[in-house]
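The structure appears right after this line, and notes come after that.
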Amino acid sequence: MNNKILSKTVFYLVVTTIVLAILIPIFFFVSSSFYSGYEMYRFPKPMFPETKFEFKIDWDTEYNMYNLMIYEQSEDAYELLISSAKPKDFRRYLKRELSIVKEDEEIEADFAPAKDGPIYLTYKKNMFYNYVTFFSITNKAEKAIVNSLMAAGWTILISLTIGSMAGYAMARYKFKGKERLSVSLLLVRMFPIVAVSIPMLVYLIKMGLNNTMIGLAVVYSVSNIALTAWITNSIFLGISVELEEASIVFGANKIQTFFKITLPLAVPGLIASSMYAFLTAWNDAITALILSGDNPTLSLVVYKALGSSGAMQLAAAGAVILFLPALIFTFIIKNYINQMWGDVKF
Amino acid sequence: MNKKFKKLVPYVLLTPALVYYLLFWIRPVLRAFVESVTDLEGKLSFSNYINVFQDSYFKQAFSNSIIFAVFSVILSFVLAFLVALLLNRKFRGANLLLFIALVPMAFPPTAVAILWKTGFTTFGWINNILVQLNLISEPILWLTAKGNEALFFLIFIDTWTVMPSVMIILLAGLQNLNKEYEEAAVILGASKFQVIKDIIMPILRPTIVTAVILRMIGALQVWMIAVMMFGYGRVPFLVERIAYYTDIVPMLENSYKMSLTYSVVVTIIVLVSVTAYLRANRTKQGGVV
């Protein structure tokens, strides 16, 4: 009896460890995207991003300027941030370092009473400042989202049309070289895509498709056509031929049967294939770097954001934007993941 | 006539895929190979390979890629197998745990690199947690790691992302396993460990092979996390070199040839490792039976 309780405790301890090992990094990563620059470099810092800051402002009579001080909880004291006479300087500082957006006039009015003695005030932080700024400083970000979606859309279109035709042929017809075909489809999926991307550059330039999303999609589709063929093959195999025959007995022709019976049953597999195609295009960076450096996708913009802005909280905001759609789609396809590498099913 | 037509249908359906692969897979790959063995004037020459092998980063990039792949496969496989065994038991919350375990898989490589960057930077959340828990008093400078230390650091953080994809394949295999073999073994007095080693592992072999190959191919092409954590050149990898020649020095006369030749080298390594692994497995399997 005691033994059972012990093993149960150990079991749930292990489960908890796994859950924490996964969720803690994600939690702090997402929360980093809400830090202001000041918080990012504050150490040690509170576990959660601030929603507001408390300030003390006093008037320096010797130099005729305001001193802006921030309340630091760990030391229970106020720390000097900057001194200036111009509201403009405070506006810039508050915005850049603390994600507080205020107008000059507002600051002037708020600070003025400090001339008669120290004042205390609280400013609310703009929690989504990093997200807004990510789009404004990397001026390519909005375009990049559209690009990523377009690359994904083209990839879905190409790989679904071509791949599902091949998948249907493999499931429903006997032909010479079928075995060899399915082995080569596997080989395509194992193939390092960089080895296709680099030489493709020359062809795309010739066709005027470098730095375009169709160009990228052409490369992404290489592995996804094979994947779609695999998934749809197993889906069509699962749809019984008798059902199709029954439909023909009842007077439908082959084309009607395909569109009214077979296709609707295959929809889940087609959705899964499109989601994979989406993720290939959405997550890739190396092919986009090689083929579309001047017209980047979101993944590429986020990759460059870390280097160019140097502000990690902005890169984090970009990365959260990049992560969310991928998360949603991964969960939609999770039941099809195994078909990606063969015939195992859930 | 109708019968003849019917025989043609599968070929008609397959033609687009075949044409596509001829144009956008076989043709570029052949071109890459041909270009890698010709110089800038188009004459046959091994100068590209000589340049790559003499690249001051090549040796390091080559051995790092191999070490990374070997240890990443081992580490993620062991962890994934344990988690899969755990999830295969029926317990309350098993589905929720599966859901959570899949989240890291959803991270695009760029996002996962930034996740760890926000953690391991000097004032990042990892040092912050350690200080708050009173485990350290001064922040640790994680990102100054060099050489093998930095390499294994990358292997560990990369495992966080890749483990679920290995796990879910193994889990599917486990779920398809016929429970009767296990039960029979237990009745005959086998221990839990024996059941795993002598019953589950051998039956699961095809699934394991699939999972390992998948991870191996991915690991041999690692680059993003290394570049985002340490910058170019600190922990060079083969694909990292391709990114370097494409992104950092695209204007050099031989940048294109360098990245192209590197890509051929990566391809050869991937294909050779996969084939070698498959062959090794086949002989092993033959030995068992």
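Just so you know, all these numbers are worked out from the coordinates, no wet-lab data involved. Since the structure is predicted, the reported quantities are computational estimates derived from the model, not experimental observations. Neighbour counts are summed over all protein chains in view; Cβ atoms, including those assigned to glycine, are modelled from backbone coordinates with ideal geometry.
Take every Cα pair under 8 Å whose residues are at least 6 apart in sequence, average their separation, divide by the length of segment A:134-341, and the relative contact order is 33 percent. Spin-label model, A:I248 to B:F123: label points 7 Å out along the Cα-to-beta-carbon direction sit 7.3 nm apart. Cβ-to-Cβ counts within 10 Å put B:I217, A:I137 in ascending order as A:I137, B:I217, the fewest first.
Listed by chain and number, the aspartates and glutamates whose C-alpha is less than 12 Å from the C-alpha of A:K124, apart from same-chain residues fewer than 8 away, are A:E50, A:E54.
Enter the mean projected area of the convex hull around the alpha-carbon atoms of chain A, in nm², rounded to one decimal. Value for chain A: 29.5 nm². Across peptide A:278-290, the mean count of Cβ atoms from other chains lying within 10 Å of each residue's own Cβ comes to 4. Work out the FRET efficiency for A:A21 and B:D198 from their Cβ-Cβ distance, taking R0 = 30 Å, and round it to the nearest 0.05. According to the calculation, E is roughly 0.50. Counting every pair of alpha carbons in the protein assembly as shown, the share spaced more than 49 Å apart comes to 22 percent. Could you name the aspartates and glutamates whose alpha carbon sits less than 16 Å from that of B:K179, not counting residues in the same chain fewer than 8 places away? Candidates past the 8-residue exclusion: B:D198. Within the straight-line cut-off of under 19 Å between alpha carbons, the aspartates and glutamates reachable from B:K192 are B:E180, B:E182, B:E183, sequence neighbours fewer than 8 places apart in one chain being disregarded. Fewest neighbouring Cβ atoms within 10 Å first, the residues B:L188, A:L324, B:L79 line up as B:L188, A:L324, B:L79.
Using only Cα coordinates, the Kirkwood hydrodynamic radius of segment B:121-239 works out to 17.8 Å. Among B:M258, B:M201, a tally of other beta-carbon atoms within 10 Å of each Cβ gives an order, fewest to most, of B:M201, B:M258. Per residue of B:16-23, other chain Cβ atoms within 10 Å of the residue Cβ number 6 on average. Taking label positions 7 Å along the Cα-Cβ direction at both A:M190 and A:Y12, the computed distance is 4.5 nm, reported to one decimal.
Per-residue ellipticity at 222 nm for the protein assembly as shown, helices alone: DSSP H runs ≥ 4 residues times -39500 (n - 2.57), over residue total, nearest 500 deg cm²/dmol?
After summing the helix terms and dividing by residue count, I get -22000 deg cm²/dmol.
Beyond 20 Å in Cα-Cα separation lie the following of the pairs A:K102/A:K143; A:K45/A:K102; A:K304/B:K117: A:K102/A:K143; A:K45/A:K102.
With the convex hull of its Cα atoms as the shape, segment B:182-289 has an orientation-averaged projected area of 9.4 nm².
Which whole number of Å³ per residue matches the convex hull of the alpha-carbon atoms in chain B?
Working: hull volume 67.4 nm³, N = 289.
Hull volume normalised by residue count: 233 Å³.
With a simple spin-label model that places each label point 7 Å from the Cα along the Cα-to-Cβ direction, the separation between A:N3 and B:V37 comes to 6.6 nm.
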